[in-house]
1. May I ask you to list the residues in the range 29-64 that are more than 25 Å from the chain's Cα centre (by Cα) and assigned to a loop (DSSP other than H, G, I, E, B)?
2. Do the conditions hold for Arg303, that is, is it part of a helix (DSSP H, G or I), within 16 Å of the chain's Cα centre (by Cα), surrounded by 14 or more Cβ atoms within 10 Å (Cβ to Cβ) and of a type in the set (Lys, Arg)?
3. If Lys119 satisfies every condition in (1) open to solvent by less than 80 Å² (accessible area, probe 1.4 Å); (2) free of Cβ contacts under 8 Å to residues at least 40 places away in the same chain; (3) not assigned by TED's automatic domain parsing to the domain that holds Val236 but one, which is the exception?
4. How many residues are farther than 17 Å from Leu275 by Cβ and either in a strand (DSSP E or B) or within 16 Å of the ligand (Cβ to nearest atom) (or both) when one looks only at the range 131-159?
5. Is there any pair linking a residue in the range 133-145 that is farther than 14 Å from Asp193 by Cα to one that is part of a helix (DSSP H, G or I) and within 16 Å of the ligand (Cβ to nearest atom), with Cβ under 7 Å and at least six apart or on different chains, and which?
6. On the basis of being touching a Gly at 6+ places or on another chain (Cβ under 6 Å), within 22 Å of Gln251 (Cα to Cα) and open to solvent by less than 10 Å² (accessible area, probe 1.4 Å), does Ile152 make the cut?
Amino acid sequence: MTAPQHHHDTLRWGVLGATSYIATHLMPAIAATDGCALSAVASRPERAAAAAELGRRFGATVHRDYAALLADPGIDAVYIPLPNTGHVEWTLRALAAGKHVLVEKPMAMDEDGCARIEKAAEAASRTVMEAFMYRFHPQQRRAADILASGEIGELRLVRASFAFRIESGSDNIRLDPALGGGATWDVGCYAVDAPLLFFGQAPERVRARFSSRPGLAVDTSAVATMDFGQGRSAVVDYSIDYGPRAAYELQGTHGTVMVRNAWAMDAEDGVVTVLTQDGVREETVPAADHYRLQVDAFARAVRDGVPAPMSLSDSRRTARVGSALVASAAAGGAAVETSDDAPEPR
Ligand SMILES: NC(=O)c1ccc[n+]([C@@H]2O[C@H](COP(=O)([O-])OP(=O)(O)OC[C@H]3O[C@@H](n4cnc5c(N)ncnc54)[C@H](OP(=O)(O)O)[C@@H]3O)[C@@H](O)[C@H]2O)c1
């Protein structure tokens, strides 16, 4: 639990890193959200021009480096879209500076990193949330509501399939093992999160097989299974070798709910398909900007001092399961235990 921290009516945001993609989606979302202001941005010093460009575009102060932004008393919250290897370090530094933090997925590449963040957030009485934007799209809520209504019976199987292709030879951070690259800690985060979200718990054990495109030093495709006990399973695949896909299916004892584009952008309607013995029904969920809904939910959690909707224990679970997939793949697909009653991290 965090205490309300509203010294100002407006939550003043700073962004660490002038990214090529994600910050350019999050920054307009911050600027457009009631009660939020996009106040500052910082790049590494050698990329000052990139930060200056974003600063101009959004009317934000430009700091000379990330540390200078964190030292700015006029900033209440920071958004961290750095390479995966920077997430734990900069989240801890931001908390130490008294900021609330929205950090890109994965919050950490092991459970211990999430545990350290949880402890620091508690000590600082600040909100930290991992940025799983797709969770905020109303089509995911609709799928959960249909499941809760009992229409498809008891949930037995989640199939999740997430992919987009990255060409070899590009300088994408996802191809660099030193920056936490690879499919598992990128699209794999969604393939792990979706089954955990809909089953509402961690699996008991997982098995995974990874492959790497020739010439690349990171895992690029994976298939995995998760055992949730009592005959409940997830079958997931994810890849940076294949064309785009962001689909999941919730199969119950009496039917199936399918979401074929869990990443629907703000100009696309969501589509939820329900298959039962009565036939097939397709529901359209009006287009929504999940980035903006995410920023709004985070700002409310800060303002009202209530837990963020993507909880730190959810983040810990996804990190634990992601690590277990890595361990299983390294052991040739052997089962790795992941249950919620696994020993606490140190
Ligand atoms: N939720 C989503 O929809 C979504 C979408 C895309 C990405 N993401 C997440 O966002 C994060 C960033 O992904 P991205 O595709 O936006 O990456 P990117 O364009 O490569 O941006 C990463 C930024 O990190 C900073 N950085 C610091 N140290 C770096 C280093 N050693 N090498 C490269 N950049 C470094 C750079 O900012 P400066 O040069 O300005 O310092 C760079 O612009 C990842 O964790 C990813 O998982 C989420």
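The values are calculated or read from the model by the stated rules, or taken from the named source; none is laboratory data. Everything numeric here is computed off the predicted structure, so don't read it as measured data. Glycine also receives a Cβ, built like all others from the backbone with ideal geometry; neighbour counts cover every protein chain displayed. The accessibility values were calculated without ligands, DNA or RNA, using every heavy atom of the protein model including side chains. Shrake-Rupley method; radii C 1.70, N 1.55, O 1.52, S 1.80 Å.
1. Correct list: Gly59, Ala60, Arg64.
2. Details: part of a helix (DSSP H, G or I): yes; within 16 Å of the chain's Cα centre (by Cα): no; surrounded by 14 or more Cβ atoms within 10 Å (Cβ to Cβ): yes; of a type in the set (Lys, Arg): yes.
In short, no.
3. Here Lys119 meets the rest and fails (1).
4. So the answer is 8.
5. Partner pairs satisfying both residue conditions: His137/His290.
6. Values: touching a Gly at 6+ places or on another chain (Cβ under 6 Å): yes; within 22 Å of Gln251 (Cα to Cα): yes; open to solvent by less than 10 Å² (accessible area, probe 1.4 Å): yes.
It is true that Ile152 is touching a Gly at 6+ places or on another chain (Cβ under 6 Å), within 22 Å of Gln251 (Cα to Cα) and open to solvent by less than 10 Å² (accessible area, probe 1.4 Å).
Let's see how each residue does on (1) closer than 30 Å to Ser125 by Cα; (2) at pLDDT below 95:
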site	(1), (2)
Gly252	no, no
Gly255	no, no
Trp263	no, no
Val272	no, no
Gly279	no, no
Thr284	no, no
Ala297	yes, no
Val306	yes, yes
Asp314	yes, no
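Residue by residue, here is whether (1) among the hydrophobic types (A, V, I, L, M, F, W, C); (2) closer than 22 Å to Asn261 by Cβ; (3) outside any helix (DSSP H, G or I) holds:
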{"position": "Gly182", "(1), (2), (3)": "no, no, yes"}
{"position": "Leu197", "(1), (2), (3)": "yes, yes, no"}
{"position": "Ala202", "(1), (2), (3)": "yes, no, yes"}
{"position": "Ala217", "(1), (2), (3)": "yes, no, yes"}
